[in-house]
Amino acid sequence: MKCKMLLLFSFLLVSTQIIPQENLVYVDDEGRMRWSSDETEAYFWGVNYTVPFAHSFRAIKAKGFDHKEVIDQDIQQFKRLCINAYRVHVWDREISDRNGNLIPNDHLELFDYLISKLIENDIYVIVTPIAWWGNGYPEPDQETKGFSSFGSKLDLSTKEDLIQSQENYLKQFLNHKNKFTEKLYKNESNIIAFEIFNEPNLPDDSVQVTNYVNRLVKSIRSTGVTKPIFFNISENPEINTWSGVANAEIDGVSFQWYPTGLVKGNTLKGNYLANVSNYVLPKYSQNIKNKAKMIYEFDAADISSSIMYPVIADSYKRAGMQWVTMFSYDPTPIAAFNTEYFTHYFNLAYAPGKAISYLIAGKLFQDKNQKGIVSGFNNVKKSNYSVSYNDNISLLNAEEYFYYSNSTKVEPNNIHQLQSIAGVGSSSIVNYSGSGSYYLDKIEEGVWKLEVFPDAVQIKDPFGSNNLESPVTQLMWTENTISIKLPDLGADYFISSPLNKNTASQKAEGFTTTIRPGSYILSREKFVKNKDLSYFDFEGLKKLTESKYFLDVINVSPHKIETGNPANLEFNILSDSHITDAKIFYRRIGWRGFGSVELEKSNDYNFMAGLPENVLNNGRLEYFLSFQLDGKTKTFPGNYSLAPDNWGFNGEKGFILDVFPWSNKVNLFDPESDLENLIIPNVWASLRFTNELIFNENGDLSASIILGEYKKELPEFSFQIFAGDKLEDAEEIEKYEMDFTLTSNIKNKLEIRFIYDNGFGFSKTIEMSETKNTLEIYPKELTKIKYALLPRPYPKFLPYWFQLTGDTNVINSNPKLNLIQFAIPLENESVNKNINTKIEIGKISVVRKKD
């Protein structure tokens with residue numbers, strides 16, 4: 001991977017400030033971070049990472065791994081993704097006492113080691129010494145004796161004894177000598193700045209806030225530190241606290257962004273590019289115009305798709321950010337379980353598509369030559385960068401780079417000039433049968449380095465409730481077929497393994513060969529001189545991730561089809577042993593015996609088969625998967641030891657496939673099966689509400705939402721349902737039908753918004769006094785509809801509304817329904833009253849127009 005920084009130049013205003021020569025960066029008079037060496041603007045793109053502390057520290061220890069080996073491996077992954085920035089909030093409770101004295105222990109030593117390795121790998125650091133948080137999540141907090149344990153966040157900014165403890169702690173922290181670099185933290189050149197407090201809770205008094213922040217700044221400056229100092233401003237966006245921070249003697253302010261909310265509890269489905277299209281600062285942000293701006297944490301939480309990061313990067317650039325660090329990179333040995341933060345999931349090996357998307361976003365963020373943006377709701381294009389919701393892909397197609405997070409048919413701009421290729425899936429250059437990522441770096445004409453990562457196979461939703469015993473993703477170190485078409489390699493190139501001298505060179509035939517995860521040299525000629533190259537430590541990765549004696553069967557087949565459509569069944573059979581003789585045994589309900597079809601193997605673990613057309617009539621089919629594992633029969637579901645064609649087989653319940661006759665009526669939402677597609681906003685501080693499943697008078701389930709005490713002003717109460725996976729194509733719709741009941745003691749209206757995947761839509765307004773059993777809504781002409789951004793983002797000052805602007809009609813001329821949003825306006829309601837409104841939603845259906 002060519003991770004060199006893009007050299008970006010701009011006209012500079014002359015700054016009158018004195019730049020300390022020992023600092024790598026400084027903040028100029030206009031609030032821009034610049035390199036001290038040449039005064040060009042500095043941009044940083046990276047991650048948070050928490051191995052020395054809290055749950056990560058305990059989980060890695062519980063799994064029996066060496067923390068330092070984990071750090072070594074993960075930093076290699078950072079480098080592979082061209083990450084040049086690292087930030088973390090230090091769990092001060094784990095390394096301090098009641099008075100703020102620094103306590104040498106395993107946590108602090110491991111943090112020393114991490115810092116030393118980041119510096120060794122040219123990664124820049126901003127440290128946040130105070131976190132306040134307990135060290136438990138997702139487990140219960142452990143007892144700690146640090147100063148933060150003795151007060152709330154607000155106490156830390158208002159109580160004198162706790163402020164003194166912070167002053168003492170900051171001085172000792174900055175004067176701490178790193179055991180491995182033998183330098184004080186304050187003197188580590190790659191620690192380019194300090195952000196004092198992770199997410200403070202500040203009093204509503206601007207003078208008091210300024211005094212508090214200045215006291216902490218003074219304690220840092222008293223150690224001789226001249227580096228930039230940042231303070232969090234987005235956690236307390238009210239104008240008084242904002243002004244108080246802005247008036248303090250700091251060099252920069254820090255922001256967060258969780259544009260899709262947090263902790264949905266399952267994967268968030270749908271198109272959420274609108275949520276990341278713009279990072280808008282409050283109107284009163286003029287008082288921070290001379291402050292540098294950083295994003296200390298962000299993520300598009302609960303989203304598995306690989307399209308969000310480049311759009312986020314572009315939004316940050318337009319907002320003036322220069323430091324961006326995602327929260328949080330999953331340490332490799334526990335990434336399989338995603339236990340650190342259930343709502344995030346990011347690791348090069350375990351989330352390959354997202355990793356490539358992040359690589360692309362980093363390139364975009366550090367490229368100053370990008371100006372303007374052309375965007376729609378489901379496609380975004382910015383010069384050489386593009387994303388597509390429909391294709392689930394981020395793409396960088398530049399002169400020297402060709403990166404893609406999913407399979408693409410786009411041709412490279414100039415294949416002869418390419419220096420670096422990275423991808424998941426296939427392209428016109430690389431045709432690959434695996435699901436892991438791969439990286440090609442040109443060494444010289446006719447010689448390329450190839451690094452192939454193991455397949456990542458999802459076992460369960462990574463954003464659910466997880467534990468350290470049940471993996472959400474399994475890495476498969478299997479052999480796959482790869483075809484590489486590069487002009488300077490030719491069709492019959494040689495493949496050698498530079499780290500394994502006992503492995504003979506392979507030779508491709510017609511551009512194609514088989515390959516396992518690892519590092520390789522590809523060359524036109526057989527003999528290649530020993531190159532002074534660095535190679536990824538795949539043995540180290542394997543040591544931290546390889547499972548022994550496992551067997552998982554994941555059925556990724558459809559649960560229902562319409563008559564006339566094929567039944568394509570697909571399974572991932574994950575095992576450390578060899579799978580043979582895989583078959584499907586099927587029967588229609590009422591049959592005594594089974595029919596069978598053999599499964600075709602696409603790689604070591606993926607198997608597919610189609611059922612015969614003559615059994616795909618209206619009705620229900622039951623089927624079992626059976627195969628041989630080390631000579632023993634395994635049948636699923638149930639993990640039986642006999643095949644269904646054995647006379648003694650007594651499997652109670654198989655997989656089910658329902659074959660429905662074609663109907664012009666299609667369910668979009670069923671409370672019994674689709675509750676995870678219901679999105680209710682995080683507005684509890686403003687409006688109390690409950691939501692649950694109840695039975696209606698007909699014995700059918702309904703989603704019930706009851707609004708209670710209205711405490712703080714809101715424009716409306718809104719919630720939405722994702723329906724984008726229910727219709728195959730953008731079919732013509734005659735009407736929508738809803739089983740719907742509404743009771744309220746307020747005189748208002750309910751607005752129902754139908755939002756399509758191109759950002760257009762229409763709405764229907766009904767009186768709140770109406771109580772309906774079945775509501776019929778007929779589509780209107782699609783317009784650039786105004787709707788609420790849900791889930792609600794953090795920080796809270798971000799816009800409530802979204803509406804497309806500009807000429808975007810050409811973006812998608814064949815729109816498909818994406819979301820249905822329900823909204824009760826509250827602008828005319830007074831606070832401190834009980835809204836006492838109940839909404840019950842049963843099944844929502846669409847009636848398609850008949851041909």
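Observations on the model:
- Count - residues of region 252-263 that are assigned to a loop (DSSP other than H, G, I, E, B) and crowded, with 21+ Cβ neighbours inside 10 Å: 3
- Here Asn614 passes the criteria (1) assigned to a loop (DSSP other than H, G, I, E, B); (2) of a type in the set (S, T, N, Q); (3) surrounded by fewer than 14 Cβ atoms within 10 Å (Cβ to Cβ) except the one numbered (1).
- Verdict on Glu199 being part of a loop (DSSP other than H, G, I, E, B) and out of contact with any Lys or Arg (no Cβ under 8 Å at 6 or more places or on another chain): no
- Residues that are open to solvent by 10 Å² or more (accessible area, probe 1.4 Å) and touching a helix residue (DSSP H, G or I) at 6+ places or on another chain (Cβ under 6 Å) were ranked within region 280-307; the one that is nearest to Thr40 (Cα to Cα) is Asn287.
- From the options Asn214, Asn232, residue that is within 29 Å of Leu108 (Cβ to Cβ) and open to solvent by 20 Å² or more (accessible area, probe 1.4 Å): Asn214
- Test for Asp367: is it on the phi < 0 side of the Ramachandran plot and modelled with pLDDT under 95: yes
- Across region 142-151, the number of residues qualifying as touching a Lys or Arg at 6+ places or on another chain (Cβ under 9 Å), open to solvent by 40 Å² or more (accessible area, probe 1.4 Å) and either free of Cβ contacts under 8 Å to residues at least 24 places away in the same chain or not in a helix (DSSP H, G or I) (or both) comes to 2.
- Matching residues, region 155-182, being open to solvent by less than 70 Å² (accessible area, probe 1.4 Å) and either closer than 16 Å to Arg93 by Cα or aromatic (Phe, Trp, Tyr) (or both): Asp155, Leu156, Leu162, Ile163, Ser165, Gln166, Glu167, Asn168, Tyr169, Leu170, Gln172, Phe173
- Tyr404 vs. criteria aromatic (Phe, Trp, Tyr), open to solvent by 40 Å² or more (accessible area, probe 1.4 Å) and touching a helix residue (DSSP H, G or I) at 6+ places or on another chain (Cβ under 9 Å): no
- Residue in region 523-533 that is in contact (Cβ under 8 Å) with a residue 24 or more places away in the chain and assigned to a strand (DSSP E or B) present: yes
- Residue check, Gly244 touching a residue at least 40 places away in the same chain (Cβ under 8 Å), more than 30 Å from Leu24 (Cβ to Cβ) and among the small types (Gly, Ala, Ser): no
- For Leu541, the requirement of being surrounded by 15 or more Cβ atoms within 10 Å (Cβ to Cβ), modelled with pLDDT of 90 or more and within 30 Å of Leu657 (Cα to Cα) is not met.
- Meeting the requirement of 1 or more residues that are more than 21 Å from Ile706 (Cβ to Cβ), modelled with pLDDT of 90 or more and more than 28 Å from the chain's Cα centre (by Cα), the strands (runs of 3 or more DSSP E) wholly within region 761-827 are 761-767, 774-777.
- Any hit, region 221-228, residues being crowded, with 19+ Cβ neighbours inside 10 Å and either in a helix (DSSP H, G or I) or of a type in the set (A, V, I, L, M, F, W, C) (or both): yes
- Region 414-459, residues that are hydrophobic (A, V, I, L, M, F, W, C) and either out of contact with any helix residue (DSSP H, G or I) (no Cβ under 9 Å at 6 or more places or on another chain) or without any contact (Cβ under 8 Å) to a residue 40 or more places away in the chain (or both): Ile415, Leu418, Ile421, Val430, Leu440, Ile443, Val447, Trp448, Leu450, Val457, Ile459
- Condition check for Gly434: buried (at least 22 other Cβ atoms within 10 Å of the Cβ), out of contact with any Leu (no Cβ under 7 Å at 6 or more places or on another chain) and in a loop (DSSP other than H, G, I, E, B): yes
- Of all residues in region 1-45, those satisfying the criterion of being modelled with pLDDT of 80 or more, more than 29 Å from the chain's Cα centre (by Cα) and among the small types (Gly, Ala, Ser) are Gly31, Ser36, Ser37.
- With respect to the conditions (1) modelled with pLDDT under 95; (2) not in a strand (DSSP E or B), Ser407 falls short on a single one, namely (1).
- Qualifying residue in region 437-451 (condition: in a loop (DSSP other than H, G, I, E, B), on the phi < 0 side of the Ramachandran plot and open to solvent by less than 10 Å² (accessible area, probe 1.4 Å)): no
- Pairing residues of region 639-658 that are in contact (Cβ under 8 Å) with a residue 12 or more places away in the chain and hydrophobic (A, V, I, L, M, F, W, C) with residues that are part of a loop (DSSP other than H, G, I, E, B) and open to solvent by 60 Å² or more (accessible area, probe 1.4 Å), at Cβ distances under 7 Å and at least 6 apart in sequence or on separate chains, gives Phe649/Leu642; Ile656/His559; Leu657/His559.
- Taken over region 48-83, the criterion of being in a loop (DSSP other than H, G, I, E, B) and open to solvent by 10 Å² or more (accessible area, probe 1.4 Å) is satisfied by Lys63, Gly64, Phe65, Asp66, Cys82.
- Filter result for the condition that a residue is within 30 Å of Ile656 (Cα to Cα), within 25 Å of the chain's Cα centre (by Cα), open to solvent by 60 Å² or more (accessible area, probe 1.4 Å) and of a type in the set (Ser, Thr, Tyr), over Ser465, Ser470: Ser465
- If only residues of region 617-638 that are assigned to a loop (DSSP other than H, G, I, E, B) and not charged (D, E, K, R) are counted, the one that is surrounded by the most Cβ atoms within 10 Å (Cβ to Cβ) is Pro637.
- Flag if Phe585 is touching a strand residue (DSSP E or B) at 6+ places or on another chain (Cβ under 6 Å) and over 19 Å from Val659 (Cβ atoms): no
- Note on region 736-765: among residues that are open to solvent by 30 Å² or more (accessible area, probe 1.4 Å) and among the basic types (Lys, Arg), the one that is nearest to Gly270 (Cα to Cα) is Lys764.
- Residue in region 268-291 that is in a loop (DSSP other than H, G, I, E, B), within 25 Å of Leu678 (Cα to Cα), in contact (Cβ under 8 Å) with a residue 40 or more places away in the chain and within 13 Å of the chain's Cα centre (by Cα) present: yes
- Among strands (runs of 3 or more DSSP E) entirely within region 565-609, having at least 1 residues that are modelled with pLDDT under 95 and open to solvent by less than 20 Å² (accessible area, probe 1.4 Å) singles out 568-575, 579-588.
- Scanning region 281-310 for residues that are aliphatic (A, V, I, L, M) and farther than 26 Å from Val27 by Cα gives Ala300, Ala301, Ile303, Ile307, Met308.
The values are calculated or read from the model by the stated rules, or taken from the named source; none is laboratory data. All values derive from a computational prediction rather than experimental measurement. Neighbour counts are summed over all protein chains in view; Cβ atoms, including those assigned to glycine, are modelled from backbone coordinates with ideal geometry. Side chains are part of the model used for accessible areas, which takes the heavy atoms of the whole protein and leaves out ligands, DNA and RNA. Shrake-Rupley method; radii C 1.70, N 1.55, O 1.52, S 1.80 Å.
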